[in-house]
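K.L.:
A single structure is presented below for examination.
The values are calculated or read from the model by the stated rules, or taken from the named source; none is laboratory data. This is a predicted model, so every value here is computed, not measured. Cβ atoms come from the backbone with ideal geometry, glycine included; neighbour counts cover every protein chain shown.
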Amino acid sequence: MSNHSMKRADELITELVETVETARSVPMSTSCVVPRERMLDLLDELREVLPADIAQAKVVMARQDEMLSAASAAESEAKRAADALMQSVVADSAAASEKLIAEGRQIAQALVADAQAEAEAVIELARREHSELVSTTAIHASAAQHAAQLRATAEEFDAEVRGSAEQHAQTLVSQAIAEAQRLRAESEQYAERTLAELGAVLQRASATVDAGRERLRARATE
């Protein structure tokens, strides 16, 4: 604000004060009668010489709620994205686990079928070579024992496949939770930075407005 503008602002304020002080009092009241057109002219001229920083500060303060709402919306959107990611990863891990378990069951069933087929083949061979081998009872016992061993091996493999699938699913879920927590932390940091920057802007605007008011008060008391 130039010296000429400051001087003119002081003159306008002085004239406004004098006009009010010298106005004619209304009988039986603390009110007074002032010339409306002259007062409006003085106020309009005073508004024209006020510093532009005050008008800019008003704009900044008016946008405060909009910026706070935008920061809150950004934080909510980041949280929704983190939750959606965690749900997606958990669903994917569950599907992968089910696929591994199904494949394990198929392999185990194939092993059991192979064991049964091999046992039947051994029994059939024993029957054909009855005259050259020991008794038929011993052959049946050996075949049954071999089939039982193959079946136990297949069941053990099935248990290992199930354990591996469950461990893999737990690992995927842990990774999803960690990723969601990281996204939530980043969203909170972004919101804090945005609010801090907004606070700094508002402090500077408030300081500018206060300085302008102090200058006007100082001029008015001179």
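K.L.:
Can you find a residue in segment 40-53 that is farther than 19 Å from G212 by Cβ and at pLDDT 85 or above?
P.N.:
Checked segment 40-53: at least one residue is farther than 19 Å from G212 by Cβ and at pLDDT 85 or above.
K.L.:
Turning to a different aspect of this structure: Here is a list of conditions, (1) modelled with pLDDT under 70; (2) more than 27 Å from the chain's Cα centre (by Cα); (3) not aromatic (F, W, Y), and Q106 meets all of them except one; can you say which number that is?
P.N.:
Condition (1) is where Q106 drops out.
K.L.:
While we're looking at this one, here's another question. Checking A82 against (1) modelled with pLDDT under 80; (2) surrounded by 12 or more Cβ atoms within 10 Å (Cβ to Cβ); (3) over 30 Å from Q189 (Cβ atoms), which single condition isn't satisfied?
P.N.:
If we test A82 against (1) modelled with pLDDT under 80; (2) surrounded by 12 or more Cβ atoms within 10 Å (Cβ to Cβ); (3) over 30 Å from Q189 (Cβ atoms), just (3) comes out false.
K.L.:
Within segment 15-33, restricting attention to residues that are surrounded by 14 or more Cβ atoms within 10 Å (Cβ to Cβ) and either part of a loop (DSSP other than H, G, I, E, B) or among the polar types (S, T, N, Q) (or both), which residue is nearest to the chain's Cα centre (by Cα)?
P.N.:
T19
K.L.:
Name the pairs: first residue in segment 191-214 and free of Cβ contacts under 8 Å to residues at least 40 places away in the same chain, second residue surrounded by 15 or more Cβ atoms within 10 Å (Cβ to Cβ) and assigned to a helix (DSSP H, G or I), Cβ to Cβ under 8 Å, at least 6 apart or on different chains?
P.N.:
none
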